[in-house]
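For reference, the structure is listed below as structure tokens.
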Amino acid sequence: MNFKKLRVVHYLNQFFGQVGGEDKANFNFLVKEGPVGPGMGLQRLLGEKGEVSATVICGDNYFAENLEKAVQEAIELVTPYEPDLFFAGPAFEAGRYGMSCGAICKIVHERLGIPAITGMYIENPGVDLYRRYVYICKTGRSAAKMLQDLEHMVDLGLKLIVGSRESNFVSGEGIASPTDYEFFPRGILRNQYTNKTASERGIDMLLAKIKCEPFQTEAEVPKFAAIKPPAPIKNLNSSEIALISDGGLTRRGNPDEFNGRGDNSWAAYEIKSFFPKESSASEHEIVHTGYSPVHVMEDTNRLVPIDVMQELEGEGVIKKLHPFFYSTSGNAASQECCESMGREIGEEIKNRGVDAAILTST
Amino acid sequence: MKLRIENVDIKTVKTGTKTYVSDHILFFNPKELEKVILRDERIESVELKVVNPGEHVRIVNVVDVIQPRCKVGRENEDFPGYLGKIAVAGTGTTRSLRNISVVLSNRYSKRPYSSIIDLFGIGAKMSKYGCMKHISVDPVPAGNTDEREFESAVKLAGLKTAVYLAKAADDHSTDETEVYDLDITNLAHDKKSYLPKIAYYYQLHTPQHDYQGIGDPILYGTEVTDLLPTVIHPNEILDGAVVNTHTIRAMDTYSIQNHPVIKDLYKRHGKELIFAGVVVGVASIEPIQRERMSMMAANLISNTLCAEGVILTKVHGGMPHVDLAFTADACERAGVKTVIFVNSWSSEGTFADQALFSSEFIDGVINIGNTFEKIRLPQTERILGGTIETPIFNPAFSQKAGDGSVEIEGFLLAGVYDHIGGAPIISIEC
């Protein structure tokens, strides 16, 4: 096995870097050779496996107020040391410190391709901002259990160094699992190999459930927020109604680049030009891998019921069918995506004076 | 009902002038098998190739994988309803060849996608088929054969091959015998056992997958789109009553023949649980129908099978996911505890993003993995079942079988992910 000593660089703020307190929060970068402050703890934990060759220190305020410039300066200071592994903080509950740790780890990982790890307390705003890009270990509120927190960071760092050689992920990636290492899930999902097949696990789980023994579900059921529906329309015959569809109907050739699965875009189509009087299937396309488009291509009214709406308009049941319909491909898009698309479409039609929308699906 | 499966392990496959198994070597005469397959007038010609693990081969346009099996001492009862005459599957003796499969390709299929199998590199490592020997069956349609007719002919060719190969081991010794003996009718009234009664709900199909609106025959040779929840014996599923549709979506006939949940429930029957039986059902498109089917299924499980707990599995798709949750919910309300098997379908976000249901009763979920997680496969030297120009499905871009590298969603690499629980995989938030 290769026991090359790992080159490690550490980032600290002015306080932990022993430059000063709040009075020194504005100072910009300084590099000290070897470990400083908590870095000593890092070095002790690394032992023979690694050497903290340099500590990069910066004032919290300077970093927070000059974020873009600061990350550039930081990466220029870190790169010459050619680190194999990078640590920042831990920042505990300190917000500005958490932001700088997150930002610097992000750029180090992106530019140098090495594991870059920090630690924060769950309420640190840096957690939500950076958890998708950076491994953030869970720490206590304060430095009271610093050594334990550093231990988690080092363990994770060493695991990531070993990487794909010992991966038990189906993709073979050298990533870590938050069940084995103390970090905040980064918002990704990956398949992992297990000791038991799904079938074996399932029967175990069911037997435990029946016997009222504790068990751990493998997927939490979501809790949806209750959304208060708006008041119903008082006078339908003076209302303008828009049609919205998630059936993936678009122009042939898919010029708006709908995605057949996991779409996060939508388009507004002028009904008059999208459905010309003598239209045929050759002008449209369904981009949606979840259903057979055969019936809709025969008659698009089956998906977007323009014909019925125009009838109702003619009869005066509604005042007007909105001249645009809104289309997306609603197949396996994440809840977050759907919510943001819904908000955008909602804004748009509200601004156009639409009173209500009918969403037709497949 | 009692079923004996006599397994013969195949170590090597060789082509020769006669078909027989000796000393765990399968000698196989492709010309003779060809004649059997070409009795079907819908097939013009067929290419049969032996493929071994480690060979630099990619089999494309794969529409099914089948384990060689035949009934012993029963004439014309193999895969009853498809190949054999109508007869109950799941009793008597069945011979089964292990470490070998029939891989069926249909290069003329116009369906949106089909699967692939690699016998080399990362694709072989990931798939349970990567270490087996295979007979690749690649038929050509006769001139005026209709598309659907040819699909049926292809499936039949695969089943015939499976039977033909299994019959070759007629005189060979058995390596392992499995016995599946379950008398369901008596269990419901068995007051003596204190073991929990566990049933299995097998969602067989979803009509959204009916190609051009017509279902594929999957139960005793018939389509199941309008099937109401039905009690069938687990042995029937193990013994050829159920075959996969004409598209592999993390489920194929081979997996069904070795149904993991059924086999595991049998293994633990009498020790930790009583296997109370199986209900099969089909996902519904209409909400009212979904309610009706869920209610009927739950009622069969709780009042006919008298189960205290039930395992539920689904097929590929979002609607099946919703449907399964409805059925589980109905079971819980009927007093039956449930564990459902679902798959994730995105590499980003959390589970909560991807659950298509919200029921206070569903607290036991097995995650079989993200069946859409992408796999990048290296270039292949040889292709069977197609050519280097064969398109390999990817929703984001077009690519061909012979490309320098090929990226597919996991469910299309046969033998990796498994809706019926056979894979040791889980999807985790990380």
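So which of B:LYS110/B:LYS155; B:LYS2/B:LYS71; B:LYS49/B:LYS160; B:LYS128/B:LYS160; B:LYS14/B:LYS400 end up more than 21 Å apart by C-alpha?
B:LYS128/B:LYS160; B:LYS14/B:LYS400
On the protein heavy atoms, probe 1.4 angstrom, tell me the percent of accessible surface of the stretch B:308-360 carried by carbon and sulfur. Ligands and nucleic acids excluded, carbon and sulfur give 49 percent. Helix-only mean residue ellipticity at 222 nm, chain A, DSSP H runs n ≥ 4 weighted -39,500 (n - 2.57), per residue, nearest 500. What is it? Helices in chain A give a 222 nm mean residue ellipticity of -9500 deg cm²/dmol. For the stretch B:398-430, a reduction of at least 50 Å² in accessible area between the chain on its own and the assembled protein chains (probe 1.4 Å) is found at B:PRO424, B:ILE425, B:ILE426, B:ILE428, B:CYS430.
Using just the Cα positions, wrap the stretch B:282-360 in a convex hull and report its mean projected area in square nanometres, one decimal place.
Reported value for the Cα convex hull: 5.2 nm².
What's the local net charge at A:LYS5, with K and R +1, D and E -1, over the other residues with C-beta under 11 Å away?
0
Taking chymotrypsin sites (Phe, Trp or Tyr not before Pro) as candidate sites, keep only those in a DSSP loop with at most 11 other Cβ atoms within 10 Å, then name the longest stretch of chain B containing none of them. Segment B:195-396 is the longest. The smallest convex shape that holds all Cα atoms of the stretch A:205-362, its convex hull, gives 165 Å³ per residue. The residues of chain B present an accessible area of 36 Å² per residue when probed at 1.4 Å with all protein chains retained.
Taking all protein chains together and a 1.4 Å probe, the residues B:LYS2, A:LYS223, B:LYS71 rank A:LYS223, B:LYS2, B:LYS71 from largest to smallest accessible area. Our note on the geometry: Cα centres of the stretch B:331-377 and the stretch B:88-148, 28 Å apart. By the rule of a C-alpha distance below 29 Å, with chain neighbours fewer than 8 residues away ignored, the lysines paired with A:LYS350 are A:LYS223, A:LYS228, A:LYS234, A:LYS272, A:LYS277, A:LYS319, A:LYS320. For the stretch B:333-415, GluC sites (Glu not before Pro) meeting the loop criterion (DSSP other than H, G, I, E, B) and having at most 12 other Cβ atoms within 10 Å: B:GLU360, B:GLU381, B:GLU389. For the stretch A:98-160 versus the stretch B:21-43, the spacing of their alpha-carbon centroids is 62 Å.
If you take all C-alpha pairs in chain B, what percent of them are over 31 Å apart?
Values: 35553 of 92235 pairs.
Tail fraction, whole percent: 39.
Computed over Cα pairs, the Kirkwood radius of the stretch B:351-392 leads via Stokes-Einstein (1.306 mPa s, 10 °C) to a diffusion coefficient of 107 µm² per second. Remark: accessible area buried at the A-B interface is about 4800 Å², both chains counted, probe radius 1.4 Å. Can you work out D for the protein assembly as shown in µm² s⁻¹ from Stokes-Einstein, where Rh is the Kirkwood radius over C-alpha pairs, the temperature is 37 °C and the viscosity is 0.692 mPa s? The calculation lands on 111 µm²/s. Relative contact order, whole percent, for the stretch B:163-322 stands at 37, derived from Cα pairs under 8 Å and 6 or more residues apart. Only beta bridges with both residues in the protein assembly as shown are counted; by DSSP, about 45 percent of them are antiparallel. Surface listing: A:HIS295, B:HIS233 arranged by accessible area from highest to lowest gives A:HIS295, B:HIS233, probe 1.4 Å. Which of the residues in the stretch B:361-390 show a loss of at least 40 Å² in accessible area from their chain by itself to the complete set of protein chains, at a probe of 1.4 Å? At a threshold of 40 Å² (probe 1.4 Å), the residues of the stretch B:361-390 that become less exposed are B:ASP363, B:VAL365, B:ILE366, B:GLU373. The residue among A:GLY95, A:VAL108, A:TYR193 whose Cα reaches farthest toward the positive pole of the charge dipole of the protein assembly as shown, with charges on the beta-carbon of Lys, Arg, Asp and Glu, is A:TYR193. Count Lys and Arg as plus one, Asp and Glu as minus one, and take only other residues whose Cβ is under 12 Å from that of A:GLY187; the net charge is then -1.
Here B:LYS167 is the anchor, and the aspartates and glutamates within straight C-alpha reach of less than 16 Å, apart from those fewer than 8 places off in the same chain, are B:GLU6, B:ASP9, B:ASP23, B:GLU32, B:GLU34, B:GLU75, B:GLU77, B:ASP78, B:ASP175, B:ASP239. Annotation for the stretch A:116-182: GluC sites (Glu not before Pro) lying in DSSP loop with at most 16 further Cβ atoms inside 10 Å of their Cβ are A:GLU123, A:GLU173.
The values are calculated or read from the model by the stated rules, or taken from the named source; none is laboratory data. Note that this is a predicted model, so its numbers are computed, not measured. A quick note on method: Cβ atoms are made from the backbone with ideal geometry, for glycine too, and the neighbour counts reach across all protein chains shown. Note: accessible area is taken over every heavy atom of the protein model, side chains too, but ligands, DNA and RNA are not part of it. Shrake-Rupley method; radii C 1.70, N 1.55, O 1.52, S 1.80 Å.
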